[in-house]
Amino acid sequence: GKSVPVLCLEGSVQLLHTVVGRFPGRTEAFLSSVNSALQESASTAEKVHFFLKFFQRMTTAFLNGSTRGDWGTRDIQSIVGLIGLLANELDTESQELDQVYEWTHSQCKEQNVDDSQLTKALVSLLLTLTSRHKGSVKIIRKLSQDIHYHLGDIDEDIELECRTHFAIVNPRTASSSVLGLVYAQTETVLNDAEWLIGRLKSESTSNPVEELFEGMQSSTIGTQMEEHCSSLCERLMNFVVAFHELVQTAIPSGPSSEGLLKAVTKLYTVLANLVKYYLSIYPQLCCVIPNLRKLVTCTELFLPLLEF
């Protein structure tokens, strides 16, 4: 049977999942009742962070090998999921969330994990926290570079330079765990970009640009519209770089390669919609947005895509 520590851990994790997941308004009172050492004057963030640091220490100890005999990978996987759940209770701009992000990034960067499910839990937590912290596009680019290195190039004669960023991405986990998460996060970000373009199109159609910025000088109008496009272009450029890596990767045939084709198709659909939107507002702007020029001329992806 299971040891007493494992049973206690499973019960605690399940209890916290239930309270935090179904009764978020009672989280603070519950955490205070669990640990009477917490001062009543402590803020909700401080109480949540206290437990977060406790679970972080347990996870780090397991990954370092010092508690492998006490816990299994499934136990730590549950703890990582709980860390993500508790992190949702923290404000986006808080120092506590910054600490959780830095810890998660450090574990993914330094720990070489062989278990695919635990890898998936840690990388998923990293992507979730990064999207709240600073945007996940650059992380996707780095993960794509790591996947390319570990799975190899479609041209077997090419020897890739070792420029990995995360030790958690290795030959065993690159395809089985990380690649699927990259696809899922890509779809989420591209859906957001597609929604933003659709909203901008709708606003410019129902209200001419001059009406949307009524009372502003033409130079100010151009600046406002340029900011929208420029920010979106910058994010999409990182995707172009990421897919430049993935389309040259020796990805196994089957669901993985089908997922890549679906993601690339989605990317080019968004790029086409962005260019169409820009052309529709060009008469009001009378200028070329620098980031859009860079995005359109970023042709590194084109030739490998044709080969793919």
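The values are calculated or read from the model by the stated rules, or taken from the named source; none is laboratory data. All of these numbers come straight from a predicted model, not from anything done at the bench. Here the Cβ positions follow ideal geometry from the backbone for every residue, glycine too, while neighbour counts run over all protein chains shown. Each accessible area value is taken on the protein alone, full model and side chains, heavy atoms only, with ligands, DNA and RNA left out. Shrake-Rupley method; radii C 1.70, N 1.55, O 1.52, S 1.80 Å.
Summary of values
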{"quantity": "Single residue of the range 251-308 satisfying the filter (modelled with pLDDT under 80 and outside any helix (DSSP H, G or I)) that is least open to solvent (accessible area, probe 1.4 Å)", "calculated": "Ile289"}
{"quantity": "Number of the condition not met by Val19 [criteria: (1) open to solvent by less than 30 Å² (accessible area, probe 1.4 Å); (2) outside any helix (DSSP H, G or I); (3) at pLDDT below 85]", "calculated": "(2)"}
{"quantity": "Count of the range 22-42 residues which are at pLDDT 75 or above and not small (Gly, Ala, Ser)", "calculated": "7"}
{"quantity": "Looking only at the range 142-172, and only at residues there that are of a type in the set (Val, Ile, Thr) and touching a residue at least 24 places away in the same chain (Cβ under 8 Å), the one that is most open to solvent (accessible area, probe 1.4 Å)", "calculated": "Ile154"}
{"quantity": "Single unsatisfied condition, Asn191 versus (1) touching a residue at least 40 places away in the same chain (Cβ under 8 Å); (2) open to solvent by less than 70 Å² (accessible area, probe 1.4 Å)", "calculated": "(1)"}
{"quantity": "Of all residues making up the range 2-11, the number that are open to solvent by 60 Å² or more (accessible area, probe 1.4 Å) and either of a type outside the set (Val, Ile, Thr) or at pLDDT 80 or above (or both)", "calculated": "5"}
{"quantity": "Close pairs (9 angstrom Cβ cut-off, 6 or more residues apart or separate chains): farther than 30 Å from Cys8 by Cβ in the range 78-98, among the small types (Gly, Ala, Ser) and surrounded by 15 or more Cβ atoms within 10 Å (Cβ to Cβ) anywhere", "calculated": "Asp91/Ala45; Gln95/Ala45"}
